[in-house]
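A short worksheet on the structure shown next.
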Amino acid sequence: MTRSTLHSALLGLRSTAVATGVALVLVSGGAHAQAAGGESTMIKLIRGLIDSGALKPEAGQALLLEAQRESAAAPAAPASTAIAAQPGDVRVPYIPQTVRDEIREEVKASVMAEAKAERWAAPDQVPEWTQRLRVQGDVRVRNESRLYSERNSDIEVDWARINAGNGYDVNGNTNLDLPPLRNTRQDRNNSWRIRARLGVIAELGEHTRAGVRLATGNDNGPVSSTQTLGGGLAKKDAWLDQAWLSWSPVAGLDILGGRFGNPYWSTDTLFSNDLNFDGLAFKYAQPIGDDGLSLFATLGLTPLEYSSDSFPNTSQDKMKSDNKWLNGAQVGAEWQFGDAQKLRAAVGYYDFRNTAGEYSQPCALYAGADFCSSDWSRPAFMQKGNTLMLLRNIALNPLDPANTPMPQYVGLASEFELLDLNLAWETPLFAGNALRLEGHAIKNLAYDPNRMWERAQGGIVTNLGTAANGVAGPQDIQSGDMAYMAQATFGQLVMKQAGDWNLAVGYKRLEGDALPDAYNDSNFHLGGTNAKGYYLSSSYMFDRNVWLTGRWMAAKEVTGAPLSIDVFQLEVNAGF
């Protein structure tokens, strides 16, 4: 119970007691007897109750006026003559101030005792700052199976692991080992996985908020907070998932800084549902008129990776600052019309700056150099699907050129400037159900096979077909610049209570270089691009804020070597 509710309860009890006392007075035969000073006992009693606080002023004034009217209408008694008691009269004696105070304290103590017994919130026992905090979180327990086709290629290089290490020696004369390879043929059944997130949002002032959230995760990768169980029953990790400040100087404008949730309206085709953004975001939303139309816009400045202050570590000449950024802008509108129908559309532009790989200056690793000038351009995080290029221009040892080790890193061959279109329509149907249709299309405006080939100096290592004449060129790059998704959801679109349910079916197609493979959904085709296929999901809420979801995703490659991956997930989610 809040402080205002508790206060109302006290006043209600007090008013009841006062009303009872006043009623007793009104029925008395001597209620209008004149006191020595010219006022009746009733009037003095009411004044005393008002002064003591036992009677609300507005209620007391009404009773006082009524008593004064009745007193004026009653015949005055001689001052020296006592009023004789009549049968049925009830005398109300004068109540001293100390007695009135005692009655008030007893009523208050009784109500507070009841509040504690029933676990009401005692206002004076809750610090003020706790009323400005809001705790929120969720827990998910999932059983997951990953099913691979036996026809899949068994040479799927794990380039992310190569980039995280000391490179892979591509010279067959000095290295006979295979590079690290992904599993592509052996199923992984019944893996138990969890996700837990716990956050606090503080209302700092009228226009300022702050938020902090912790989350689980197998590693510090940006696209998933899921933690695989097992590991010898070792304790699980927790990461700082969000830390942000928000300022709203005017109505509709929100300025975010720090690490925060996705500020754009998007699907997991482009940005994973678990992805958080660093940097700054300016969000604006405002209704237009009274016809259900509203506009929204977002501008984001996101640092993806800063060049090291001391790169190269073993050189006196340091590299200039050459940082990687995502600059994004999105504008859209939402229109609610007709019988609870809603149409939402948005167009966005995302410019990934300095994310493409660079071919280095000649570096003499054989002579003791431990870096090449373009090592910084390898991605900090990657999944799979993008066209990759070798980064190092390794000089050959003139004394033994054939046996010169050539440890290589890889980078993105394409630049990324994305034009993004989103559309969603919701309409009510029968029996409280509704239908939502969604469409999402992405085009990489910077995709250019000729420029990719030139940038890589011919060193393309993925998404490359067999040359028809034996001489590979940009025409042999097997990739693309388009991605799209279509989905239909039927049932309760927002589940709120036990018994709510929904069903969704969708299709995705993501060509190899339609978007960076680092930031989208990590479940469909196990993440990345160069994937196409359908998915089904259904959810049922069986208790308040607790629901069961089943999901099936069947996907395979768009181009290149066979890689079919089906994923089944059965999970229980709880939010609070």
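The values are calculated or read from the model by the stated rules, or taken from the named source; none is laboratory data. Treat the numbers as computed from the prediction; the structure is a model and nothing was measured. FYI the Cβ positions are ideal-geometry reconstructions off the backbone, even for glycines, and counts take in every protein chain you see. Heads up: the accessible areas ignore ligands, DNA and RNA and are worked out on the full protein's heavy atoms, side chains in. Shrake-Rupley method; radii C 1.70, N 1.55, O 1.52, S 1.80 Å.
What the table below lists for this structure:
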{"read-out": "Per residue, in Å², the accessible surface of segment 295-404 once ligands and nucleic acids are set aside, probe 1.4 Å", "value": "51"}
{"read-out": "In order through segment 554-566: 3J(HN,Hα) via Karplus (6.51 cos²θ - 1.76 cosθ + 1.60), integer Hz, x for Gly, Pro", "value": "10, 9, 8, 5, 7, 9, x, 5, x, 7, 9, 9, 9"}
{"read-out": "Among the listed pairs LYS283/LYS342; LYS384/LYS556; LYS324/LYS443; LYS324/LYS508, those beyond 19 Å (Cα-Cα)", "value": "LYS283/LYS342; LYS324/LYS443; LYS324/LYS508"}
{"read-out": "Solvent exposure ordering (accessible area, 1.4 Å, most first) of LYS384, LYS235", "value": "LYS235, LYS384"}
{"read-out": "Segment 426-531: trypsin sites (Lys or Arg not before Pro) in DSSP loop, at most 11 other beta carbons within 10 Å", "value": "LYS496"}
{"read-out": "Apportionment of accessible area to carbon and sulfur, the chain, percent (1.4 Å)", "value": "57"}
{"read-out": "Protection proxy ranking of 564-572, 105-113 - average other beta-carbon atoms within 10 Å, highest first", "value": "564-572, 105-113"}
{"read-out": "Nearest-20 debye value, the chain charge dipole, Cβ charges on Lys, Arg, Asp, Glu", "value": "1220"}
{"read-out": "Net lengthening on full extension, ALA285/LEU178 (0.36 nm per residue, minus Cα-Cα)", "value": "33.2 nm"}
{"read-out": "Over the chain: helical MRE at 222 nm, DSSP H runs n ≥ 4 each giving -39500 (n - 2.57), nearest 500", "value": "-5000 deg cm²/dmol"}
{"read-out": "Mean Kyte hydropathy of -1.0 or more with a Cα span along the axis of at least 18 Å, helices from DSSP in the chain", "value": "3-27, 57-73, 97-117"}
